[in-house]
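Read through the structure below, which is laid out as structure tokens, and then see the notes.
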Amino acid sequence: LERASLYERLQEEVAKQKVANVKLREQQELIVKMEKMALVGKITSSIAHSIRNPLMVIGGFARTLLKGTPDGDDRRGYLESIVRETRQLEDVLSEVLDYSESLFPVTDFWDLNELVGKAMGELEGTLAQAGVHARMELAPVLPMVRIDYKQISYCLKTITTQALASMEPGGELRIESVLDGDGVLLRISDDGKPLTQTAQEALIAPFFQTQELGEGVGLSLCKSILERQGNSLTIISRPGGGNTYSIRLLTRKENI
């Protein structure tokens, strides 16, 4: 009986050790993955910053020369091309830097409605230029969400910019926040041209190819940012016209 009891206890200890070994292996794999991500982020950020400085100088000189060049001057076309291409490269670098920063979110509890109000306030000029009215319908009482404020604000602005691209002057952009189970749903709805299924998939595919540099990175980056924090991004085109971009943020989850 004593030997049987010892054998049973030994089996229990062996089982516990196996579980501990599995957890240890998982932690080791996670550490290695985080180290690789940290290295990639550091290298990416370093390269982007090294390129950005001389690029800004080139763009600055080109814009200065363009202002002092008469309309009939043959060199004006070349300067306009330099300014345009430089601006596109600057946009690409901004996306690269945003990606490297997204690898390491800094989360805290925030009021989503406050974030939406500030982000849309910063987009007032863009909305006015597009001739689009923004209507906000925010739930008066919402739980705090644990997010990286800068990253979620970036996602909201990126989605809004994408929505404006499909809208005509005089259109209306609706921003809603509602409680959704154990999360909060942020919806951005436009009344523009509905996106095809192929276009929806392309928009959130990593670095899909377009004729313009920098396009197609924003929404895929947002999707990556949200999913890395346990949240989600979905796009639905309405049969009657328009598209709805939904960001779902969890309110109860462990710190990332």
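The values are calculated or read from the model by the stated rules, or taken from the named source; none is laboratory data. Small disclaimer: the values here were computed from a predicted structure and weren't measured. Here the Cβ positions follow ideal geometry from the backbone for every residue, glycine too, while neighbour counts run over all protein chains shown. Surface accessibility is based on the protein's heavy atoms, side chains included, excluding ligands, DNA and RNA. Shrake-Rupley method; radii C 1.70, N 1.55, O 1.52, S 1.80 Å.
Collect the residues in segment 168-183 that are in a loop (DSSP other than H, G, I, E, B) and either without any contact (Cβ under 8 Å) to a residue 12 or more places away in the chain or under 13 Å from LEU123 (Cβ atoms) (or both), keeping them in residue-number order. The one that is in a loop (DSSP other than H, G, I, E, B) and either without any contact (Cβ under 8 Å) to a residue 12 or more places away in the chain or under 13 Å from LEU123 (Cβ atoms) (or both): GLY181. Please verify whether segment 24-41 includes one or more residues that are open to solvent by less than 100 Å² (accessible area, probe 1.4 Å) and either touching a helix residue (DSSP H, G or I) at 6+ places or on another chain (Cβ under 9 Å) or at pLDDT 80 or above (or both). Taking every residue of segment 24-41 in turn, at least one turns out to be open to solvent by less than 100 Å² (accessible area, probe 1.4 Å) and either touching a helix residue (DSSP H, G or I) at 6+ places or on another chain (Cβ under 9 Å) or at pLDDT 80 or above (or both).
Going by the conditions given, is LEU55 assigned to a helix (DSSP H, G or I), open to solvent by less than 90 Å² (accessible area, probe 1.4 Å) and at pLDDT 80 or above? Here the answer is yes, as LEU55 does meet what is asked. Of all residues in segment 66-95, those satisfying the criterion of being acidic (Asp, Glu) and more than 25 Å from ILE51 (Cα to Cα) are ASP71, ASP73, ASP74.
Checking the structure you have, find out if any residue of segment 212-228 is out of contact with any Lys or Arg (no Cβ under 6 Å at 6 or more places or on another chain), surrounded by fewer than 17 Cβ atoms within 10 Å (Cβ to Cβ) and at pLDDT below 75. Yes, segment 212-228 contains at least one residue that is out of contact with any Lys or Arg (no Cβ under 6 Å at 6 or more places or on another chain), surrounded by fewer than 17 Cβ atoms within 10 Å (Cβ to Cβ) and at pLDDT below 75.
The residues of segment 133-146 that are under 24 Å from ILE225 (Cα atoms) and modelled with pLDDT under 90 amount to a single one, ARG146. Considering every residue within segment 148-159, establish whether at least one is more than 16 Å from the chain's Cα centre (by Cα) and over 17 Å from SER220 (Cβ atoms). Checked segment 148-159: no residue is more than 16 Å from the chain's Cα centre (by Cα) and over 17 Å from SER220 (Cβ atoms). Looking across segment 99-117, the residues that are at pLDDT below 80 and either farther than 30 Å from ARG135 by Cα or open to solvent by 40 Å² or more (accessible area, probe 1.4 Å) (or both) come down to TYR99, SER100, GLU101, LEU103, PHE104, VAL106.
Evaluate the following for ALA48: is it small (Gly, Ala, Ser), surrounded by 12 or more Cβ atoms within 10 Å (Cβ to Cβ) and under 28 Å from the mean Cα position of the chain (by Cα)? For ALA48, the condition - small (Gly, Ala, Ser), surrounded by 12 or more Cβ atoms within 10 Å (Cβ to Cβ) and under 28 Å from the mean Cα position of the chain (by Cα) - is met.
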